[in-house]
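Trainee: Below is the structure I would like to discuss, written out as structure tokens.
The values are calculated or read from the model by the stated rules, or taken from the named source; none is laboratory data. This structure is a prediction, so every number in the text was calculated from the model and none was measured. Note that we place each Cβ from the backbone using ideal geometry, even for glycine, and neighbour counts take in every protein chain shown.
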Amino acid sequence: MRFLTWIFLFITGFVFGQNNSLLYQVKNKDKKVSYLFGTIHMIPDSLYYFPGKLDKIISKSDEVVLEISNLSDQSSMMKLLMLDSGSCFDIFTAEQKDSVLNWGAELLGIKPEQFEKGFEKRKPFTLLQLSVQKTISGKIRMVDMEIESKAQQNKIPVSGLETIEYQLNIFDRMPDEELANFIMETVRHPDEGEKTFRQMIRYYHKQDLEGLAKLILESDELGSSAEELLDKRNHNWIPKMETLMSSKSCFFAVGAGHLGGPNGVIELLRQKGYEVTPVRY
């Protein structure tokens, strides 16, 4: 499976064997209630589902907490996606670069030289994002941005568990050869990647966490990146969540892949003495 192709969707969006829900109620020892929601960062509009119950929970929260805040500030984010020097295609061999240019040109319906000029100053992992966006036909809904917008409409403060700089730095530190190989898997096997993506979307839409778990358990493509992308970040978030929940009722919304497993947010909160239970919606 071309697992890393979908990293922008889920950082990502895989869950290991928890209850069949994406929404959890979190109670501290004083019985103060917060909520934890597993998102998918990008989904076709036709499958977007955000019922009134979630709106109501958000409206009654003291604070909405995302992985990162200020998602609507696209100009600042674009600056972080650009290289300080060199070219996007420096990580590839000459043969790989030729394949990538032809692949990208075909995706966008332009000439290879136009594609090279348009992407040469962007960071290489943005090529994976391009693949995801081209796979989703029609209107795209960004679930995290939708939640941020709902909070703002209700004049509820929005904060983040980490910064966009921290997230992007994970990819910046990835060895060039490893990143190049991930991208080449997408270039060489676009149909397989699209098939995997559609399976993920179906499982998420059904809140079928076991289905998502099976997909990731059948893949070893995260390799050494799993600890950095999931486990380490989960552990970093817990102290911040505890501080927030000590005085506020929060609505936490993070990629669904951070919820489950022995190092997932749910289990880590339970180890800290929180009562974490699934909520049907």
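Trainee: Determine whether the stretch 246-262 contains at least one residue that is modelled with pLDDT of 80 or more and touching a Cys at 6+ places or on another chain (Cβ under 9 Å).
Mentor: No, the stretch 246-262 contains no residue that is modelled with pLDDT of 80 or more and touching a Cys at 6+ places or on another chain (Cβ under 9 Å).
Trainee: Now for a different question. Filter the stretch 232-245 down to residues that are farther than 16 Å from GLU63 by Cα and out of contact with any helix residue (DSSP H, G or I) (no Cβ under 6 Å at 6 or more places or on another chain) and give me whichever is modelled with the lowest pLDDT.
Mentor: LYS232
Trainee: Hey, ARG173 hits all of (1) modelled with pLDDT of 80 or more; (2) within 24 Å of ASN236 (Cβ to Cβ); (3) buried (at least 16 other Cβ atoms within 10 Å of the Cβ) but one; which does it fall short on?
Mentor: In the conditions (1) modelled with pLDDT of 80 or more; (2) within 24 Å of ASN236 (Cβ to Cβ); (3) buried (at least 16 other Cβ atoms within 10 Å of the Cβ), ARG173 misses (3) alone.
Trainee: Among the residues of the stretch 226-281, what is the count of those that are over 26 Å from HIS205 (Cα atoms) and polar (S, T, N, Q)?
Mentor: The qualifying residues number 6.
Trainee: Further, regarding this structure: Checking the structure you have, find out if any residue of the stretch 84-92 is under 30 Å from GLN153 (Cβ atoms) and either among the hydrophobic types (A, V, I, L, M, F, W, C) or at pLDDT 95 or above (or both). Quick ask: steps written out before the conclusion?
Mentor: Step one: of the stretch 84-92, the residues under 30 Å from GLN153 (Cβ atoms) are none.
So far as the stretch 84-92 goes, no, none of its residues is under 30 Å from GLN153 (Cβ atoms) and either among the hydrophobic types (A, V, I, L, M, F, W, C) or at pLDDT 95 or above (or both).
Trainee: List pairs: first in the stretch 184-205 and farther than 16 Å from LEU130 by Cβ, second β-branched (Val, Ile, Thr), Cβ under 7 Å, 6+ apart or cross-chain?
Mentor: Partner pairs satisfying both residue conditions: ILE201/ILE43; TYR204/ILE40.
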